[in-house]
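First up is the structure itself, then whatever we jot down about it.
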């Protein structure tokens with residue numbers, strides 16, 4: 001918005017000086033030249049802004065007029081775009097993401113458009129006017145029949161499907177039980193110690209070893225009790241032995 005004002009300043013100055021020159025030329029004896037200049041300048045700026053809002057930007061029927069409009073509309077259009085982005089950002093900032101995510105997930109599972117009544121039935125506490133205002137800020141949400149039905153474009157459906165798949169996969173990884181050190185280290189096979197399948201590749205073995213050795217290295221237990229340090233040492237030895245065993249077996253198989 002500020003950029004639009006800065007871009008418009010040179011033109012506004014020239015426009016103001018032109019209006020003032022015309023007023024003094026046409027009415028040299030007037031006592032209110034400054035008032036006439038300001039009034040006509042504000043009127044002209046208002047007409048330019050109105051033309052910027054309601055005119056078609058890609059109208060190439062008359063090239064000189066189109067070029068003149070592009071020149072005059074540069075500042076006002078930049079300010080208007082900045083204002084729209086500010087309004088959109090404010091709306092997105094205040095959005096209830098959890099509730100809107102549920103609505104988008106519901107729309108994603110529907111192959112056709114969903115009516116207002118169906119959405120209100122699925123989400124009883126939904127504020128319809130606020131929902132429309134917020135969903136309009138998301139590119140890819142379609143409103144049909146005077147905003148009485150809602151649907152999603154194929155592009156947004158694809159993006160949401162990929163996002164949900166990634167989210168579900170990350171939750172599975174986060175929720176997966178992590179192996180904890182236990183007293184009876186000798187009861188575990190090399191595959192169990194590294195958490196790998198017997199046919200794991202050399203790269204997988206090295207990656208698992210580096211990941212596990214960081215968690216039970218004796219240096220991390222320097223300030224703990226004697227039993228914890230002893231277990232860390234035992235697991236470090238077991239990890240080294242398991243790593244050597246699996247590398248030897250898999251190298252021989254290769």
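In the chain, the longest principal axis of the Cα atoms and the axis of helix 97-108 are about 90 degrees apart. Taking the number of Cβ atoms within 10 Å of each Cβ as an exposure proxy, the fewest-first ranking of 235, 36 is 36, 235. Relative to the longest principal axis of the Cα atoms of the chain, the long axis of helix 63-93 lies at roughly 50 degrees.
If you plug the beta carbon distance of residue 87 and residue 24 into 1/(1 + (r/R0)^6) with R0 = 41 Å, you get a FRET efficiency near 0.50. Rg and Dmax over the alpha-carbon atoms of the chain stand at 34.4, 108 Å. Note on the chain: helix-only mean residue ellipticity at 222 nm, from DSSP H runs of 4+ residues weighted -39500 (n - 2.57) and normalised by residue number, equals -23000 deg cm²/dmol. Highest mobility in the GNM of the chain, judged by mean-square fluctuation with C-alpha springs under 10 Å and restricted to 92, 142, 231, is found for 231. When restricted to Cα atoms, region 1-54 yields an Rg and a Dmax of 12.8, 39 Å, respectively. If you line up the long axis of helix 226-253 against the longest principal axis of the chain, both from Cα atoms, how many degrees apart are they, to the nearest 10? Computed tilt is about 90 degrees. Size of region 97-168 from its Cα atoms: along the principal axes, largest to smallest, the extents are 32, 23, 21 Å. Averaging the sequence gap over all C-alpha pairs within less than 8 Å and six or more residues apart, then dividing by the number of residues, gives the chain a relative contact order of 13 percent.
Inter-part distance, region 96-170 to region 1-34, computed on C-alpha centroids, equals 50 Å.
Placing pseudo-labels 7 Å out from each Cα toward the beta carbon at residue 96 and residue 50 gives an inter-label distance of 4.1 nm.
A short reminder: the numbers here are calculations on the coordinates, not readings from a lab. In this text the structure is predicted, and so the values were computed from the model without any measurement. Backbone-built Cβ (ideal geometry, glycine too); neighbour counts: all protein chains shown.
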